[in-house]
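Rule-based calculations on the coordinates, nothing more; no lab input. Since we're looking at a predicted model, the values are computed, not measured.
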Amino acid sequence: MTRAIVHMDLDTFFVSCERLTNSELRGIPLIIGGGDRGVVASCSYEARYFGVRSAMPIHMAMKLCPQAKIMKGDMELYSRLSHDVTQVIQEKAPIMEKASIDEFYLDITGMDKFHGSYKWTDELAQSVIKETGLPISFSLSVNKTVSKIATGEGKPKGNLEIPQGNVQAFLNPLSIQKIPMVGNVTFQLLSRIGVRKIQTLSEMPPEVLQQMIGKNGLDIWKKANGIDNTPVEPYTERKSISTEHTFSQDTIDIIMLKSILVGMVEKLAYQLRSEQWLTSTITVKIRYANFDTETKQCKIAYTSADHILTKNVMELFDKVYQRRMRLRLIGIRFSGLVRGTYQIDLFEDTQEMLSLYAAMDKMKSRYGFDAVMRCAGASFKPNTKDEILKRIK
């Protein structure tokens, strides 16, 4: 049976959230982002007309569109409205995957037996708009890759349906940059040999791509040929990752304890980014020498950034560790996970900070986690028992 996969994307989500709460922002160039040295997290179509794009330095965006209004952004508001949209979709869709704060995949294979798949999806989109007030676009095709690309091509004027027989004809004239896995480095590499359109890429021998790009070469070739068997993974808010450290001797050394917590956060945050997760809930756990166990938890805006997570972990630790008694165990859990990359949380960051995270993660992936780390977290040396416990509840 041919699959029917829907990709739904909330249009200029951060901008739409701000306009929902302040109608005076409608129709004007609007940029959501950090200060002068920050980057653009989101921008309105009015700002995009002047060449402003996400992840662009703020100072460059203001040169392109000096009349734009800049807002720092409210991740608490965005998280709440994302949850509202999720509930609307989850109540109606047979299988839903939340890919990020503003992006969803649905598997509605077989729906044509009972309803028209496109008609059903359009009615769902209208329900989202009516119940939340937020605009949403969608596309329907045979897999996640084609649906995602089609949503981007259809914005903001219309929603597309790409049946099996039209997949290659739809993909062929598009730039290879439309393929989700093709970043700027890969684009520049392929451009140098004249490969700029998906059709050219799809006609290349896959082994040549593997030699040029590495292990991702075959995946990119498959996507260029409209092949993607990745399943839609049912969404649940109860996924978490955690780590614990049990001391060989009970301790009351606060400096050492906080140093270990820094290392634990760094390890977990790296895993979040590597697997493209964002967390919204932090829990710190301690166990005293007499085996009494206590925890403290807080909600935060979705993130995977070490410096944000570390700050909150330290605050929780200071709140939970109230007895001047030795500890035998400390632990951290990140939960309330959604799929996404760190780029959706750019308000406090500079371009240099984002580049630093990318460079550190690249070194860790290539040479191992211990290849580069913060001095403050060097005390955390995980052994077999201390390795990250990934639980899907």
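How high is the relative contact order of the stretch 13-75, in percent, counting Cα pairs under 8 Å that sit 6 or more residues apart? Relative contact order for the stretch 13-75 comes out at 34 percent. Stretching the chain fully between Asn229 and Arg26 yields a gain of 69.1 nm (0.36 nm per residue, less the alpha carbon separation). Annotation: amide H-H contacts under 5 Å for Ser42 (H modelled 1.01 Å from N, sequence separation of 5 or more, or interchain): Ile32.
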